[in-house]
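Peer 1: Encoded as structure tokens, here's the structure I'll be asking about.
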Amino acid sequence: MTNNLLFPLTEEHEMIRQTARDFAQNEIAPIAADYDESGEFPFETIKKMGEMGFMGIEVPEEYGGAGMDTLAYVLALEEVCKADAAHGTIMSVNNSLFCFGILKFGTEEQKQKYVRGVASGKAIGAYSLTEPMSGSDAGTMRSRAVRDGDHYVLNGRKSWITSGPVADTMVVFAMTEPEKKHRGITAFIVEAGKPGYILGKKEPKLGIRASATSEVVFEGYQLPVENRLGEEGDGFKIAMTVLDAGRVGIAAQALGIAEAAYDASLAYAGEREAFGQKIGEFQGISFKLADMKTRIEASRLLTYNAALAKERSKTTGERFTLEASMAKLFSSETAMFVTHAAVQIHAGMGYSKELPIERYFRDAKITEIYEGTSEIQRLVIFRLETGLK
Ligand code: CAA
């Protein structure tokens, strides 16, 4: 069974892990398959997760959060994702992509106005960077925000917005001075449902199906100047800093998916018999399980290390980009490796919707894609190591 032999936890961290595990196994695991099938957004459980403090774990209590540290966030997210990665996606966007960015770059008024609702799970937050023609190359966005007196007018089409269809507020990135390229990008806090805010097509997805994803289109949307996050031109650095935080969360999500698939595989290999013995007694299966376990523990070390680096950065101000990218890269590829092996070990039952194994496999894939593909993580790691571009 998965454990923490290589990384002893404090009593407080063990407690948050156990609380999250109990909640996830009792409240989320039993409904995960139905929500995966229907693709409905799990409002009820998200509300409960908010009440438990899971939607703003690192957010100080004065802004409606649980006031804990990054490791606590990672441990809770890992447990939620063991039960259902889609719930984990919603949780990670609220915590990392929305609350973290506003806490780090926002004014006191912005924190008071926008963080509290999302951190307590009463509101849903989102992060709006990607566009149809601007994904990995995030500095090439076409959305425009033009200042007009005390407000900006926003036009553009954003795509692949996690929680887009249900978001109450989102951090949106747009060009204010396109001639300056990435240095001409500015971040804004946008409220949903106002004139000029149009929900675009909803994405039918392979996995994390209960997490709603859509395009969001802005047509002459008016933003008060006080909703600008940071200064004009700060947007790209804000986007990258927030993604560093997000990637620590995705590493934890991938770890949780991998653990769930491994635990199920280990149990199945000890029960299922073929040719007169347990299938786990065949070297073909036992070696797979040994590789799965080893990669999971390596992912855990990288992920918890990235959490500690992010926590340190709160006092030192130092970037944790390298730690975050390495953790996300390795954990997401581990999740794919482990879930692929889990389907194979379960064979026909792994391919059947009667068990969650095929869902783990489908859910794992997104962790290699969103918040920066594996190729982008490799590029980031290489550049940081060499200083080359
Ligand atoms: N923190 C702070 N600043 C950073 C930074 C970081 N992690 N990374 C780069 N910067 C700064 C650089 O120092 C540089 O600053 P100057 O302008 O002062 O020189 C500036 O940003 C530009 O950096 P680069 O020249 O390295 O930029 P680039 O254009 O080559 O791109 C990249 C770098 C790493 C490829 C970046 O574009 C990237 O991460 N792309 C992937 C985008 C991504 O992850 N998208 C996912 C969207 S969110 C999502 O998945 C949806 C969801 O809802 C979950």
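The values are calculated or read from the model by the stated rules, or taken from the named source; none is laboratory data. Small disclaimer: the values here were computed from a predicted structure and weren't measured. Cβ: placed from backbone, ideal geometry, glycine included. Neighbour counts: every protein chain shown.
Peer 1: Scan the stretch 176-188 and tell me whether some residue there is buried (at least 17 other Cβ atoms within 10 Å of the Cβ), under 14 Å from G156 (Cα atoms) and not hydrophobic (A, V, I, L, M, F, W, C).
Peer 2: Yes - at least one qualifying residue is present in the stretch 176-188.
Rundown of residues vs (1) within 16 Å of the ligand (Cβ to nearest atom); (2) of a type in the set (G, A, S); (3) on the phi > 0 side of the Ramachandran plot, yes/no style:
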| position | (1), (2), (3) |
| --- | --- |
| E273 | no, no, no |
| G280 | no, yes, no |
| G284 | no, yes, no |
| L289 | no, no, no |
| A306 | yes, yes, no |
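Peer 1: Yes or no: G233 within 12 Å of the ligand (Cβ to nearest atom) and touching a residue at least 40 places away in the same chain (Cβ under 8 Å)? First the steps, then the outcome.
Peer 2: Details: within 12 Å of the ligand (Cβ to nearest atom): yes; touching a residue at least 40 places away in the same chain (Cβ under 8 Å): yes.
The answer is yes for G233.
Peer 1: Name the one entry in L266, L255 that is among the hydrophobic types (A, V, I, L, M, F, W, C), more than 16 Å from the ligand (Cβ to nearest atom) and within 16 Å of V80 (Cα to Cα). Reasoning before the result, please.
Peer 2: On the way: L266 fails: within 16 Å of V80 (Cα to Cα).
Exactly one of L266, L255 is among the hydrophobic types (A, V, I, L, M, F, W, C), more than 16 Å from the ligand (Cβ to nearest atom) and within 16 Å of V80 (Cα to Cα), namely L255.
Peer 1: Might you let me know whether the stretch 335-351 holds any residue that is in a helix (DSSP H, G or I), more than 12 Å from the ligand (Cβ to nearest atom), free of Cβ contacts under 8 Å to residues at least 24 places away in the same chain and more than 26 Å from A29 (Cα to Cα)?
Peer 2: no
For every residue, the table says whether it meets (1) in contact (Cβ under 8 Å) with a residue 24 or more places away in the chain; (2) in a helix (DSSP H, G or I).
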site	(1), (2)
P8	no, no
H13	yes, yes
Q25	yes, yes
A33	yes, yes
K48	yes, yes
E58	yes, no
E62	no, yes
M68	yes, no
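Peer 1: For F98, only one of the following conditions fails: (1) surrounded by 14 or more Cβ atoms within 10 Å (Cβ to Cβ); (2) modelled with pLDDT under 95. What is its number?
Peer 2: Result: F98 passes all but (2).
Peer 1: Using beta carbons and a limit of 7 Å, which pairs, at least six apart or on different chains, have the first residue in the stretch 366-386 and within 7 Å of the ligand (Cβ to nearest atom) and the second one not in a helix (DSSP H, G or I)?
Peer 2: Matching pairs, first to second residue: I376/S136; R383/K389.
Peer 1: Name the residue that is nearest to the ligand (Cβ to nearest atom), counting only residues in the stretch 118-146 that are within 14 Å of F173 (Cα to Cα) and among the charged types (D, E, K, R).
Peer 2: Result: D137.
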